[in-house]
Amino acid sequence: MSLPKPVMRGLLGKRLRLHLPIAFALSLVTAIAFKYGVTEPRKQAYADFYKQYDAVKEFNSMKEAGVFESVQPSGE
Amino acid sequence: MLHLIAARMGSLMARRAAVALTTSSARMASHGREVSETVDMSRPMYWDRLDTPLPDKAYKDELTAADKSLKQKEKGPWSQLTNEEKIALYRLMFNQTYPEMKQPRSEWKTIVGGIFIFMGFTGLVVWWQSLYVYPPRPRTFDDEWQAKQLQRILDMRMNPIEGFSSKWDYEKGQWK
């Protein structure tokens, strides 16, 4: 009936020593993954869109479609 | 069949009513003497709970002479207690062991049944509402209206970079 005395102290410290570096590493990985998976492609998409963007042409197409209140389509 | 459901409902209601009507010592005084057993909740109570291994008090308060002598013997070295005495001491302190507490019961069937009954009733209520309460269907739900809405969204070039209009090919007049 004599079991060894269980560990009574330092339990939180032991857990943190393992889990804090893991937490930091995982957060860093998540941030890097988000940067290169989401924000960089998004910036590229915006750059590509505006490289070939003709604002006047777009405006005229929208005007002809009749979505504006200040300008009417050329027919009316 | 229905009387079974009614019996279950009856027991549910009875349990709820019993909880609501448990008298505390204060209420007992105002009601006059009633036959039902009262529990004085202002004093430490005993309960069998999986998450409370040591309740506020022991199970048995009134110890017989044999129990009292056993308690005296407990004050000495425990190696001198026989196994039956140890079990008897345990049963003085506690009502059920953990395995006894963890024994599966059929209560969940009642609960799930009650849940389904009320969900079914709610379904009937909702169906009646759809017949007698709901206003006429908004015109924005019509297919024609929604097609015109979609066309307007594309005309306005909403979210043309990564969103909605980016999926429409404006030269060819079709989805990409």
Of everything in region B:147-163 that's within 13 Å of A:Met62 (Cα to Cα) and assigned to a helix (DSSP H, G or I), which residue is nearest to the other protein chains (Cβ to nearest Cβ)? B:Asp155
Might you check whether a residue that is surrounded by 10 or more Cβ atoms within 10 Å (Cβ to Cβ), under 21 Å from the mean Cα position of the chain (by Cα) and among the β-branched types (Val, Ile, Thr) occurs anywhere in region A:34-46? yes
Considering residues of region A:47-76 that are closer than 19 Å to B:Gln151 by Cβ and not in a loop (DSSP other than H, G, I, E, B) only, the residue nearest to the chain's Cα centre (by Cα): A:Glu58
Here are some residues: B:Arg157, B:Arg91, B:Arg152. Which one is more than 30 Å from A:Ala47 (Cβ to Cβ) and without any contact (Cβ under 8 Å) to a residue 60 or more places away in the chain? B:Arg91
Here are the criteria: (1) within 12 Å of chain B (Cβ to nearest Cβ); (2) in contact with a Lys or Arg (Cβ under 7 Å, 6 or more places away or on another chain). Tell me which single one A:Val71 does not satisfy. (1)
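We did not get these values from a lab; they are worked out from the coordinates using the rules stated. This one's a predicted model, so the numbers in the text were calculated from it and none came from an experiment. Positions of Cβ are backbone-derived with ideal geometry, glycine not excepted, and every protein chain shown enters the neighbour counts.
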